[in-house]
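Below you'll find the structure, written out as structure tokens, and then a few comments.
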Amino acid sequence: MFELAIDMSEFRVPTDDALARARQIGATQIYAAGVQNGEDAPLPVTAMTDAQADDLARRVAAHELRIVELNSGTFKQVHLCELELGAVDEHPQYAEQLRNLERALQVAQRLDVPAVTCFAFAWPGEYGPGAKSTWPMRWATRGGLISNTDMDKLEQAFAPILALAERYEVDLRVMQMAWNYTNTSGNFRRIAERLGSPPRLRLKWCPADGLNSGELDVATAGLRNVLPYVSSIHIKDLAVHDGPNNGFRYELVGDGQVAYGQILSGLVAAGCYPLLSVASHVGGGTPDGNDPEKTTDWLRRNYQTVTRLAEAAVDARA
């Protein structure tokens with residue numbers, strides 16, 4: 001059977017309020033990146049002391065919730081093109097992010113959280129001046145072509161990352177994100193196979209980002225690509241209206257173009273039941289996206305829709 005979790009980062013309220021809202025929606029499990037106390041700056045899991053981590057666990061338990069994934073937020077904006085073969089660990093940003101990931105893994109081990117997520121390095125020019133300069137190529141090639149040199153860099157960059165996951169006995173769930181090298185199921189699978197598909201390497205699949213990256217068969221060929229690796233699905237929906245120019249908008253689940261009913265049915269048919277981690281992103285980049293009442297309503301509606309779709313997929317197979 002499928003289990004659901006809710007993405008705590010989308011409530012846009014202090015942690016205790018967010019926990020109460022998650023429970024009111026009906027969630028029993030959460031995906032967390034840190035804590036937000038009042039007007040203070042957010043405290044990411046990567047900067048927590050042991051005492052602060054224990055306090056987070058206590059607050060979560062008080063709301064009868066359980067953390068099932070921690071988001072380290074690492075390597076999202078590390079441009080792969082800036083890393084040097086044979087000296088990946090000498091890049092200051094990479095080294096800092098590796099330390100942050102290690103702390104997230106330590107917290108996960110301490111709190112008995114089974115998995116930590118991370119990102120998978122940015123395409124050239126993705127952030128900063130000339131942002132998304134390679135997007136048209138990536139769209140036209142269904143996610144982008146990874147050169148042999150870049151694959152060598154990815155292998156060297158992921159080696160210490162996977163070693164840490166093994167040391168702390170916590171699964172590493174690599175995020176799919178349109179701006180990173182694991183933007184499509186095909187690219188993730190190629191990278192995973194190059195790394196030897198180690199047991200701790202898992203995928204937090206995002207069919208919406210695959211679709212947004214030009215992987216139009218994400219519900220069929222995409223599903224087959226991820227089956228050996230998927231442990232969690234980042235669920236949001238969107239509609240692409242101008243693919244070559246990165247034109248899209250986020251929608252409520254069921255109102256966009258991601259075929260979640262087909263995807264969930266395919267997973268059931270394969271006997272695969274990853275965690276369904278419900279997000280929204282609706283209203284992103286607008287004032288509505290920071291309105292706690294609207295974000296809570298969107299999360300509630302998505303959680304209800306995903307619950308219904310998951311139950312229908314299971315019932316149809318019975």
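Rule-based calculations on the coordinates, nothing more; no lab input. A quick note: this is a predicted structure, and the numbers were derived from the prediction, not measured. Here Cβ is always computed from backbone atoms with ideal geometry, including for glycine, and neighbour counts include all displayed protein chains.
In the chain, Cα pairs under 8 Å separated by at least six residues give a relative contact order of 17 percent. Basic side chains Lys and Arg get +1 at the Cβ, acidic Asp and Glu get -1 at the Cβ, and with that the dipole of the stretch 21-171 about its Cα centre reaches some 620 debye. Counted over the stretch 4-317, the DSSP beta bridges are approximately 25% antiparallel. Selection among LEU98, GLY86, TRP205 by position relative to the dipole of the chain gives TRP205 as farthest towards the positive end (Cβ unit charges, Cα centre). The magnitude of the dipole of the chain, with charges of +1 and -1 set on the Cβ of Lys/Arg and Asp/Glu and taken from the Cα centre, is near 660 debye. Suppose a student asked you for the relative contact order of the stretch 220-318, using Cα pairs under 8 Å spaced at least 6 residues apart; what percent would you report? Normalised by residue count, the contact order of the stretch 220-318 is 29 percent. Just to confirm my numbers, what's the Cα centroid distance between the stretch 66-114 and the stretch 180-214 in Å? Cα centres, the stretch 66-114 to the stretch 180-214: 17 Å.
Distance from the C-alpha centroid of the stretch 133-165 to that of the stretch 237-297: 24 Å, rounded to the whole angstrom.
Most simply put, the stretch 192-255 has about 60% antiparallel DSSP beta bridges, counting only bridges with both residues inside it. Residues in the stretch 151-160 carry Karplus couplings, in order, of 5, 4, 5, 4, 5, 5, 6, 7, 4, x Hz; the curve used is 6.51 cos²θ - 1.76 cosθ + 1.60 with θ = phi - 60°, and Gly or Pro positions show x.
Loop exposure criterion: GluC sites (Glu not before Pro), DSSP state outside H, G, I, E and B, at most 16 other Cβ atoms within 10 Å. Applied to the chain, the longest stretch between such sites is 170-318. Extending 7 Å from the Cα toward the beta-carbon at both ASP291 and ALA239 defines two label points whose distance is 1.9 nm.
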